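The values are calculated or read from the model by the stated rules, or taken from the named source; none is laboratory data. From a predicted model like this one, the values you see are computed outputs, not experimental measurements. Here Cβ is always computed from backbone atoms with ideal geometry, including for glycine, and neighbour counts include all displayed protein chains.
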Amino acid sequence: MWYENACVYHIYPLGYCGCEKINSFAAPKENKFKMIEENIPHIKKMGFNTIYFGPVFQSVAHGYDTVDYTKIDSRLGTNEDFADLCKKLHENGIRVVLDGVFNHVGREFGPFVSLRNGDWGYRDWFHIHDGNSPYNDGFHYEGWEGHYELVKLNLYNPAVKEYIKQCITGWREEFGIDGLRLDVAYCLDLNFLKELRGHCKWLAEDFWLMGETLHGDYNRWMNPEMLDSVTNYECYKGLFSSFNDMNMFEIAHSLNRQFGKENWCIYRGKLLYSFVDNHDVSRIATILRNKNHLSVIYPLLFTMPGIPGVYYGSEYGIEGDKHHGDDALRTMWDGKKFKSEGIQDLTKLISKLAKLRTESVALAKGGFTNLQLTNRQYSFRRDAEGQTVVTLLNADENSFDFNLNIDGDFADVITGKKVNLSAPVSVPGYTAVVSVSK
């Protein structure tokens, strides 16, 4: 499937385009998607072949409080504007993945407004109980994790499920979408996920379904009956804390537990979605105590098992602190500022890694083997169909000699130089070597 070689660029459109925080629901004033369209050359040059868009449909505020699944958010533009953007992305070889927010809706969602106005025909679209809501509706309802501005949909109701499936069909026909990222997939009814998969794979056999999961056994949601991929939050934590604590054993243990060769390794052969930051967590340049580790953590992200994703702007090393609120993470795109103030070497590095990831069979399908490990150094290999990729990571400030004793002709994709892995390999401080067999 195409997503085996996917390299994802994650955009939160309402933030990227500098939209108003609260929707006035007025007619679109301009096509904000033009900001993304103008950036297609950059996205393509960086080597990304997939864009995962955060919420794009009509909502009250942040996009996850949907009020109309058939209409593009008027703060961004029109349906025609977004269809035109998707067409241009596809023409440039870039797939389109949308946020599927199906667990809950905003209070201005049509059927819920009708219910508030006394139309009890929509009662079973939601989880309604006796009592009163914090909004004094005259009835009580379930909100997502206690947030009553996010009204939980009743995904046991056939009418609701049919409505959602019709919306997805419309998105496929109107925008040509290639997949969905399912918001809070860990909250969704498992039978609903089975029905959703059947419908989406009917639309297109290679339709990618990726779900947001946090803890627990990801196999519960990621299996042949449900999702193709889930978010790898276990390794997300291990990625940054291994560098901050100078303890590479943490991420090495997680990766081996998930993808190693032993029979008990739980996700071997499966494609999890890997990331170092996103729209919900602090930017990696803010989290890392030592910014020199940016040049080491991205080679790890792109060569470990999984489908790598980069959050817009982080390719320049921009910062954003979750403690300052979500808006700090969802900044407006400013290419000139990011380019002038950002880390150009990081952008070049990610570009090389993305190109490798989209072309390498070893990184797409290969097994995983830990090689050499200390608190501050780590190396592993990936093998498939005659290709080998060996990653050497040095998180220390001083150079380090790796002793791997691997025969063959290898070249480092970062420097372009030949690498002799059969002899000691000296890796400078805060540097990675990604060796690919010829």
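Of note:
- Any pair with Cβ under 8 angstrom, 6 or more apart, that starts in the range 374-388 at a residue that is assigned to a strand (DSSP E or B) and ends at one that is among the basic types (Lys, Arg): 384/365; 388/381; 388/382
- Residue 124 being in contact (Cβ under 8 Å) with a residue 12 or more places away in the chain, more than 22 Å from residue 228 (Cα to Cα) and charged (D, E, K, R): yes
Results for (1) touching a residue at least 40 places away in the same chain (Cβ under 8 Å); (2) part of a helix (DSSP H, G or I); (3) crowded, with 19+ Cβ neighbours inside 10 Å, shown as yes or no for each residue.
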site	(1), (2), (3)
292	yes, yes, no
296	yes, yes, yes
299	yes, yes, yes
302	yes, yes, yes
305	yes, no, yes
315	yes, yes, yes
332	yes, no, no
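- Every pair of residues 6+ apart whose Cβ atoms lie under 7 Å, when the first sits in the range 417-434 and is more than 12 Å from residue 391 (Cα to Cα) and in the same structural domain as residue 388 (by TED's automatic domain parsing) while the second is of a type in the set (Asp, Glu) and surrounded by fewer than 13 Cβ atoms within 10 Å (Cβ to Cβ): 422/407; 424/401; 426/401; 429/397; 430/397
- Only one of 371, 356, 349 that is aliphatic (A, V, I, L, M) and outside any helix (DSSP H, G or I): 371
Here is a yes/no grid of residues against (1) in contact with a strand residue (DSSP E or B) (Cβ under 8 Å, 6 or more places away or on another chain); (2) not in a helix (DSSP H, G or I):
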site: 162; (1), (2): no, no
site: 170; (1), (2): yes, no
site: 180; (1), (2): yes, yes
site: 186; (1), (2): yes, no
site: 210; (1), (2): yes, yes
site: 216; (1), (2): no, yes
site: 219; (1), (2): no, no
site: 235; (1), (2): yes, no
site: 240; (1), (2): no, no
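- Failed item in (1) in contact with a helix residue (DSSP H, G or I) (Cβ under 6 Å, 6 or more places away or on another chain); (2) crowded, with 23+ Cβ neighbours inside 10 Å; (3) of a type in the set (Val, Ile, Thr), with residue 96 passing the rest: (2)
- Hey, residue 162 farther than 30 Å from residue 296 by Cα, in the same structural domain as residue 83 (by TED's automatic domain parsing) and of a type in the set (D, E, K, R) or not: yes
- Top-ranked residue of the range 254-274 - restricted to ones that are part of a loop (DSSP other than H, G, I, E, B) and within 22 Å of residue 211 (Cα to Cα), ranked as modelled with the lowest pLDDT: 265
- Yes/no for residue 207 being within 30 Å of residue 105 (Cα to Cα) and touching an Asp or Glu at 6+ places or on another chain (Cβ under 8 Å): yes
- Selection within the range 13-70 - closer than 25 Å to residue 104 by Cα and of a type in the set (Phe, Trp, Tyr): 16, 25, 52, 53, 57, 64, 69
- Leading residue by the ranking (nearest to the chain's Cα centre (by Cα)) among those in the range 190-220 that are surrounded by fewer than 17 Cβ atoms within 10 Å (Cβ to Cβ) and closer than 19 Å to residue 231 by Cβ: 214
- Against the numbered list (1) under 25 Å from the mean Cα position of the chain (by Cα); (2) closer than 24 Å to residue 240 by Cα, residue 377 comes up short only at (1).
- Residue match in the range 225-237 (condition: farther than 27 Å from residue 62 by Cβ and modelled with pLDDT of 95 or more): yes
- Selection status of residue 274, outside the structural domain of residue 388 (by TED's automatic domain parsing), over 26 Å from residue 182 (Cα atoms) and of a type outside the set (Lys, Arg): no
- Helices (runs of 4 or more DSSP H) (entirely within the range 1-79) containing at least 3 residues that are surrounded by fewer than 23 Cβ atoms within 10 Å (Cβ to Cβ): 34-37, 40-46
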